[in-house]
Amino acid sequence: MKEAELIHANQPEFMKYLKSKFTLIHMSNVFFRDFHYGVMSYLAEKGIKLKYYDAEKIAREAGADFERKGIFKRMDHQSWLLNYPEFALPRTEKKAAAAAS
């Protein structure tokens, strides 16, 4: 489907769009229904209106593509683990406990 190819061709832009709509953090869960609605919304902004079922098929196809690329790791039939280091939280240095007086 050309819609899935659009997502594939614009993957960094699509991932940033998803992050703006949902909480996406490296090594966190991504649920299929959130991904599905993100696909519908992204394509609608690109001027492509889809029916719910058609958008679900495209989301499944795009999700499978992300699995092949290693961006998603399947956890169960409706969720993945996000492997996208660009979305990692910044590391914070732990401060040593103040010395007791």
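Odds and ends about this structure:
- Charges were assigned to the Cβ only: +1 to each Lys and Arg, -1 to each Asp and Glu. The resulting dipole of the stretch 3-57 about its Cα centre is roughly 140 debye.
- About its Cα centre, the chain has a charge dipole of approximately 220 debye under the convention of +1 per Lys or Arg Cβ and -1 per Asp or Glu Cβ, with nothing else charged.
- Extended-chain gain in nm, criterion 0.36 nm per residue less alpha-carbon gap, residue 69 and residue 83: 4.1 nm
- Local charge for residue 67 was computed over the other residues whose Cβ lies under 9 Å away, with Lys and Arg +1 and Asp and Glu -1, and equals +3.
- Helix 11-21 axis, angle to the chain major axis (alpha carbon atoms, nearest 10°): 70 degrees
- Nitroxide proxy distance, nm - points 7 Å out along Cα→Cβ at residue 31 and residue 95: 3.7 nm
- Placing unit charges on each Cβ (+1 for Lys and Arg, -1 for Asp and Glu) gives the chain a dipole about its Cα centre, and among 24, 37, 64 the Cα reaching farthest toward its positive end belongs to 24.
- Averaged over residues, the count of other Cβ atoms within 10 Å places the peptides 85-92, 66-73 in the sequence 66-73, 85-92, highest first.
- Between the stretch 1-25 and the stretch 59-85, the Cα center-to-center distance that results, in Å: 12 Å
- Helix-only [θ]222 nm of the chain, DSSP H runs n ≥ 4, -39500 (n - 2.57) each, per residue, nearest 500: -16000 deg cm²/dmol
We did not get these values from a lab; they are worked out from the coordinates using the rules stated. Note that the coordinates shown come from a computational prediction; the quantities given were computed from them, not determined experimentally. Positions of Cβ are generated from backbone atoms using ideal geometry, with glycine treated the same way; all protein chains shown enter the neighbour counts.
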